[in-house]
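Comments concern the structure below.
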């Protein structure tokens, strides 16, 4: 288990507090740092046997936040602790399970230096599950090929059993079109085909140091598409509900990437959340414009923005 401390600043926040995509960037950095530490080499030095660059790219992400610790509960200058538990599958995939919270909430538990993450702790704190697979660009950034890094020793990492590998969830999502957060039989709001939004990749803003479209920026593209869908919906969401919405659960499955010269078309379905009218469930499907290939799917449950007294605005009923 690796520990990381973080004082929240402007690079980690937006108008609501801790921003989801910025949290994923930071957590992804911790994941990559722990991986590099475990294999004893910088990830930027990884190569295939024939000398091609190898990258650890995300194929599955899960997020869960307790009611009392939604992302907007964390604000500027909060001192957070992160605990990262990593496992490897056959030297080709690496998973990290991460819990984090304020130092006052997580510090005593971390002091015991736990070797494994219990379900009890994972349920009590904000929880992230990040899974990467090693790839090399085959024909530009939109065509990625699985590739084992040469000369890397994974023996120091805990074993990720195949039946616990989140790749199984990603493969099932491609087959079924679902990720398990939106139940069968739920009826989407408005048209059955959902809403579609088009986004042109911004090479200066959307890429990372490897020249690929950064995994966390897919969330911002989805956020933009869902905002448009909520504004267009006959449900008549209020401005406060839309502007103040915050994620409670999300699952992401990545199937490919997109060229920096291409566009993404995101289809969004909105679902009434059965247990609580102040929440909404969403399903997203993202495709490359150049060939229509599916590159990402996601499902999420979000808490809608509320008035200062905690009520959902009357005009949103």
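A short reminder: the numbers here are calculations on the coordinates, not readings from a lab. Everything numeric in this text was worked out from a predicted model, so none of it was measured. We place every Cβ from the backbone using ideal geometry, glycine too, and count neighbours over all the protein chains shown.
Assorted remarks:
- The value obtained for the range 85-222, namely the Cα convex hull volume divided by the number of residues, is 202 Å³ per residue.
- Ascending count of other beta-carbon atoms within 10 Å, so fewest first, for 196, 68, 226: 68, 196, 226
- Alpha-carbon gyration tensor eigenvalues x 5, square-rooted, for the range 1-162, Å: 30, 18, 13
- Reduced Cα scattering model of the range 186-255, Debye log10 I(q)/I(0), q = 0.14, 0.18, 0.21 Å⁻¹: -0.57, -0.88, -1.08
- Each DSSP beta bridge with both residues in the chain is either parallel or antiparallel, and the antiparallel ones are about 95%.
- Values of log10 I(q)/I(0), in the order q = 0.09, 0.20 Å⁻¹, for the range 173-309 under a Debye, Cα-only, solvent-free model: -0.27, -1.21
- Mean projection area, nm², convex hull over Cα of the chain: 16.7 nm²
- Value of D in µm² per second that Stokes-Einstein yields for the range 246-305, Kirkwood Rh from Cα pairs, at 25 °C (0.890 mPa s): 195 µm²/s
- 222 nm mean residue ellipticity, helices alone, for the chain (DSSP H n ≥ 4; -39,500 (n - 2.57); rounded to 500): -6500 deg cm²/dmol
- For the range 59-117, the fraction of C-alpha pairs more than 20 angstrom apart is 38%.
- Inter-probe distance in nm under a simple model that places probes 7 Å from Cα toward Cβ, at residue 235 and residue 29: 3.4 nm
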